[in-house]
Amino acid sequence: MRSAGEGMPLLRAVACAAALLFTSALAVAGESDPQDFTQIKNGQYLAILSDCGSCHTVPGQRRFAGGRPIETPFGNIVAPNITPDRETGVGAWTDDEFDAAVRKGVRRDGALLYPAMPYNAYAKMTREEVVAIRAYLNTVEPVRHAVVANTLPFPFDIRTAMRVWDALYFTEGVYKPDPAKSAEWNRGAYLVSGPAHCGACHTPKTLLGGDKTAQYLQGSKIQGWFAPDITGDKARGIGNWSIAEIAAYLKAGHNQVSAATGPMGEAVSLSTSRMKDGDLNAIAVYLKSVPGRQDTARPLPADDPVMTAGAAIYRDACSACHMLDGRGISELFPSLAASSNVRSDDPATLTRVVLRGARSVATAAEPTSPGMPSYAWQLDDAQVAAVVTYIRNAWGSAAPAVSAQDVARERSQLASRPD
Amino acid sequence: MNEKGLLRSEFRRRDLLAGTAVLLLSGGLGRASTISGQLPWQPNAGDPPVRVKAGPWLFFSGDEGRAIEAISDRVIPPDPETPGGKDSGCAVFIDRQLAGPFGEQDGLYVRPPFQTGMKNQGDQSEGGPRHNYRSGLAALDKACKAKYAGKEFADLSDSDKDKLLGDLESGELKLDGADGKAFFAEVIKDLQMGFFADPIYGGNRDMVAWKMIGYPGTRYNYLDWVDRHNERFPLPPVSMTGRAEWTPKAR
Amino acid sequence: MARRLPKKDVVIIGLGWTGSIMANELTDEGLDVIAIERGPWRDAPTDFPTNYMQDELRYRIRHELFLRPDQLTFTFRNKIDQIALPIRNWGAFMPPNGVGGGGVHWNAETWRFLPSDFVVRTHLTERYGASFLPDDMTIQDWGVTYADMEPYYDQFEYLCGTSGTAGNLNGQIQDGGNPFEGPRSRPYPTPGQAQPFGPTLFAKAARELGYKPFPQPSGNLSKPYVNPLGLRLGQCTYCGFCEWFGCGNYSKASPQTTVLPILIRKSNFSLRDNSEVIKINTDASGTRATGVTFVDTSLQEWEQPADLVILSAYSMFNVQLLLHSKISQPYDPVAGTGVVGRNFTHQTISSVNGFFDNKKFNFNPFIASGSIGMCIDEFNGDNFDHGPHGFVGGAYMGQVQTGARPIETTLVPPGTPKWGAQWKKAVRDNYLSTVKPGTGVHGSFYSYRDVYLDLDPTYTDRFSRPLMRMTIDLHDNEIKQNRFMTDKFAEIIKAMGANVVDKQYRTAPYDITTYQTTHLNGGVVMGADPKTSVVNRYLQNWDVPNLFVLGASAFPQNAGYNPTGTVGALAFWAAGAIRSQYLKNPAPLVHA
């Protein structure tokens, strides 16, 4: 029932929870309790860690009301409404049903969820934590919004096929701490592999969309970007970043080396910028410990014609912000010399940013959010390839060259993207 | 103002860019919008200039174009080091400018009444650049034919051309149907503007004018040169469409 | 029929420097603020990017970032007995348009006025006697002192990250700075910019002549900076595309780089762009503003009610809007009554071009920034004895060459033909070895009885409202002042080693076709006396206490400096008064 008191979700949750006559006893037993403010507060923080809003909220619209299309290699899936609305949201679900969806990938009606919902990561959370999230979601304004979730083309629209996928790629089970490692490392490992589900974007996928576990966190193509290697690899990963720099990037979206944009910008804005400092440090400690690839590339020689052309373009068109030494300006213009994203094997992010421009994320800690202009109109494919190859191989860096054909393909793929 | 009530100036560049996939801010074609919450941004945003393409005159007739080219080679004569006005594209520049928003007096206040004022009150003529060039070139052609037994300006000897232009400049030669002195001053201004503008607009082909004077073009970072006093800056000029060195040489 | 919008606490007319500063201050007070801006939203990566901003034809010659005259212009005449004609294409000045206003395309020359400038009539009368001043000169004291302003100059400079060398720190004169400046409480936030060859040579010559040159205070930053709001600016890279152009790499202080990213994130702030305010509405008594009426691009009229109205458009438009809204009494120069439009001023500008031996001098003049230059202030304000010279006022002067874009900076020595082979050769031979100060001599422009603004009887704008009419000419005082300054400046250019020194005096009549800065001021002047001012010392309108009018329209006369430093300081000063006094008790802050 809607009343003038719409702005009082807690009271409304109380009114709706007539069935829940148990209070603190149930909280102990792992049930969501509308009167337990600690549980709700924990749940709110866990929802931030898990970044539910990134998928379940359409930007600018009602929170958690679903309707946002999630791009997958198989087509778009639309995230459902997880507000407490009884008909179109999850208001009528029991805690068990909610937990089964989040940690087992099973929907209330028994259908299997697609791993666009990262239940294989959320499986690492405890039931208690998921129930706390549920308690928090119960306090959010219910929104009547029916969402048709499955918009995948045949044969991917057959959910029972997910049984096979789960058999291949899904392991149930909460996170097990490694007794040989520190509490901080374990917290970081739990966060990264659990609620923050970093691997969902940063671990490369098989053809069926499962994780290539041998290349854990070594970077992956997603939504027209390349989510870079975030292991301790010094060339392609964040091995050269200090703990403080990693934590600063997650908190502010900016650090001395780089800036978050695109989907990572959103993850910073909605999730990591709101994490506690201790958690950010833990994530940093863990990530730096993850072994990456052990090979090193050799840089292209400076007198290669592509490098010469790229150097000319760089001086004329890029150095006004990224400076002649490639180091940019701390917290304002990324350091191309030190950026691991620049040196990724897959240059999709670098090429995309050069062609389309970019706006880096604004956070309370770093509100400037500088933007980069679009060069698509000014540079042809060979020129983009040259400057991008130069950037990847100058100043002591080394990464595979980019060809004009690579750029042409990227340009045409980007042309059809709405974002 | 057009029928939709929008300013002409809001449409000028959009018309030119019809067919290119450039998105614009402010909710589209310069319409009012409400902005709050975050800085607006779209990919491929911005309004880059449209490159002038070589080809037939868009504004001048064949005869007019020929005359302007001939004038341009006297105002900016060719020499062994640097091409003249014609080869550097200055006449093309003027043609394209007249064909576009500048020729339409886009953005200017062109409401009546048109009254003659003092020189320091600025140009009050109703005509505008297109009118000035049409009438000026026609009047010049007439005067030229009258003085040189039916010859067009482009067919005169260089010294005769210079004499005619000099008389226009001094006011000794008066044109019938145009203010010759003002017209020639306008032509000089426009030719020299085309000579020094970015090559994207049709003149200053291959940055010949910039090379002549030692102007490095659209460079944006001179930090490593601020303290190098009284030294020649050695790098070649670059324009909005780059320079030759931007394209990798074949192996 | 105007459609009525929900009421806001504050409506801000024009989102340039003063509007942005005031919006940020008042949103910090928790007020619900809406800004209405005639032009479009603008931002560096999309509107002045580093790959097509460097276009002299588009932005300098064709004025693309500016207000276009067909949207709004003025009419102009020199004298009251002449017919004013429309300014069909800009020449003498370039009014801004769009979010950021003039703060987008200014040179970022960031000065403070002298202490004597704020009490100029008292000061000059004391020193030289009342009869030393022309009868028709209407200069007056401001109603605030330099000491009042100092903390707010400081606040604006630290907002911007202004680069400079202090000349007077709490009364102690400092080497390398301007020894004539008023005392400042702390150094500039960033050091003075590194100077290229031309200004360095100028400074050497000036020193040899006994002057004390210093780097021009600059909003083009000498190093990366974080301002008090947490916004970051970069380091100026001397691209030479400063005035007329937006800055592509976040190194010029502007509302975009110093305020707007913070402001736009506040939930109690919103902006409507491409919407022109056409009237400030008042109630039946005429003593209370009720809000504004504005028109969007579909010509729909809207009414935005508000409790507090901040008029922060460009100076001229402040005057015009008061006239159209019939707020305060319009100035009548014949009867000598009224105040709106009175004490209208510009800036007295001139320069000297120096042509040097190209075998000995290479200035690389394209290595430049908007406020690059070494200046001297010996002849500004009342820094010297005017007694023998028969004029008042003064100028700073400097080799301030803001760029060398070739359409406008391919000079030839006087006497060279304007076209042909000799012209071409002279251009080639002189480009790199010519000194063409953009701001050579930058002088005061005092106010006069017959220099004013009112509404034109004939010409109208696109809404059929009368255009505003400028009646302005140069008076003997400024002509003499400029002759003196230009001659002094030429001496220094000569001492630099120039072969040919080409003086370009500013002469009468005032010419609407030649650029002489966009520092138009006055018309809504501030003061202690409502008979000679439109707003009080806090920029609050005498007649309508919930209306404040910010900007250079408040200047009772113009001093020999660029105005923006003082404009920014006054905005902070007014904001401070609103926050600490007005909001607690909305009423007149000064009782005349």
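Coordinate-derived values only; no laboratory data. Everything numeric in this text was worked out from a predicted model, so none of it was measured. A quick note on method: Cβ atoms are made from the backbone with ideal geometry, for glycine too, and the neighbour counts reach across all protein chains shown.
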*Would you please classify the overall shape of chain B from the alpha carbon gyration tensor, given that a ≥ b ≥ c denote the square roots of the eigenvalues, rounded means a/c under 1.5, and beyond that prolate means a/b larger than b/c while oblate covers the rest?*
oblate
*So what's the gap between the Cα centers of region C:407-479 and region A:93-108, to the nearest angstrom?*
75
_Counting only Cα atoms, I'd like the Rg/Rh figure for region A:305-415, Kirkwood definition for Rh._
0.95
*Of the options B:Ala250, B:Ala32, B:Leu156, report the single residue whose Cα projects farthest towards the positive end of the charge dipole of chain B (beta-carbon charges: Lys, Arg +1; Asp, Glu -1).*
B:Ala32
*Can you check how the C-alpha radius of gyration of region A:183-289 compares to 2.2 N^0.38 Å, as a plain ratio?*
0.99
*Once the dipole of region B:111-251 is set up with Lys and Arg at +1 and Asp and Glu at -1 on Cβ about the Cα centre, which of B:Gly122, B:Ala209, B:Ser170 lies farthest towards its positive end?*
B:Ala209
*How fast does region C:488-592 diffuse by Stokes-Einstein, in µm²/s, taking the Kirkwood radius from C-alpha pairs at 4 °C and 1.567 mPa s?*
78
*Hey, how much of the P(r) for region C:268-312 falls beyond 16 Å, as a percent of Cα pairs?*
40
_Counting DSSP beta bridges with both ends in the protein assembly as shown, the antiparallel % (nearest 5)_ = 70
_If you average the alpha carbon positions of region B:187-218 and of region C:279-332, how far apart do those two centres end up, in angstrom?_
46
*asked:* Considering just Cα atoms, how many Å³ per residue does the convex hull of region C:298-434 enclose?
replied: 298
*Among the lysines, select those whose C-alpha is under 22 Å from the C-alpha of C:Lys584, and discard any that sit fewer than 8 residues away in the same chain.*
C:Lys7, C:Lys8
*What are the principal axis extents of the Cα atoms in the protein assembly as shown, in Å, biggest first?*
100, 80, 62
*In a Gaussian network model over chain A where Cα atoms closer than 10 Å are linked, find which of A:Gly60, A:Gly232, A:Gly253 has the largest mean-square fluctuation.*
A:Gly60
_Could you derive backbone 3J(HN,Hα) for region B:60-67 from the dihedral phi with the Karplus parameters 6.51, -1.76 and 1.60 (θ = phi - 60°), listing whole Hz in sequence and x where the residue is Gly or Pro?_
5, 6, x, 5, 4, x, 5, 5
*asked:* Based on alpha-carbon atoms only, what is the radius of gyration of region B:125-251 relative to the globular estimate 2.2 N^0.38 Å?
replied: 1.49
*Nearest 20 debye, what's the magnitude of the dipole of region C:404-456 about its Cα centre given +1 on Lys and Arg Cβ and -1 on Asp and Glu Cβ?*
500
*Expressed as a whole number of Å, what is the distance separating the alpha-carbon centroids of region B:63-112 and region A:280-325?*
46
*Kirkwood hydrodynamic radius of region C:465-520, from inverse mean 1/r over distinct Cα pairs, in Å*: 13.6
*Which is farthest toward the positive dipole end of the protein assembly as shown among C:Thr190, C:Gly576, C:Pro556, measuring Cα position about the Cα centre, with Cβ charges +1 (Lys, Arg) and -1 (Asp, Glu)?*
C:Thr190
*When all C-alpha to C-alpha distances in chain C are sorted into bins of 10 Å, what percent of pairs does each bin hold, rounded to whole numbers?*
3, 18, 29, 28, 16, 5, 1, 0
*Along each of its three principal axes, how wide is the spread of alpha-carbon positions in chain A, in whole angstrom units, largest first?*
77, 47, 46
_For region A:52-153, alpha-carbon Rg over 2.2 N^0.38 Å_ = 1.00
*Can you list the residues, at least 5 places off or on another chain, whose amide H is less than 5 Å from the amide H of B:Lys86, using H built in the peptide plane?*
B:Asp73
*Where both residues lie in chain C, what percent of DSSP beta bridges are antiparallel, nearest 5?*
65
*Within the P(r) computed for region A:259-326, what percentage of the Cα pairs occupies the region above 16 Å?*
72
_chain C: DSSP helices with Cα axial extent of at least 18 Å and average Kyte-Doolittle hydropathy no lower than 0.5_ = C:564-577
*Can you tell me the dipole magnitude for chain C around its Cα centre, using point charges on the Cβ only (Lys, Arg +1; Asp, Glu -1), in Debye to the nearest 20?*
1200
*What is the dipole size for region A:183-289, taken about its Cα centre, with +1 at each Lys and Arg Cβ and -1 at each Asp and Glu Cβ, in debye to the nearest 20?*
120
*Taking all pairs of distinct alpha-carbon atoms in region B:36-155, Kirkwood radius in angstrom*: 17.5
*Label C:Lys266 and C:His591 with points 7 Å out from Cα along Cα→Cβ: what is the distance between them in nm?*
3.2
*Assuming R0 = 51 Å, can you tell me the calculated FRET efficiency for the pair C:Ile83 and A:Asp96, based on Cβ-Cβ distance, to the nearest 0.05?*
0.05
*asked:* Just to be sure I understand: with springs between alpha-carbon atoms less than 10 Å apart, which residue in A:Gly396, A:Gly210, A:Gly326 has the highest mean-square fluctuation in the Gaussian network model of chain A?
replied: A:Gly396
_To check my understanding: the extent here is largest minus smallest coordinate of the Cα atoms along each principal axis. What are those three numbers for region C:432-509, in Å, largest first?_
56, 31, 16
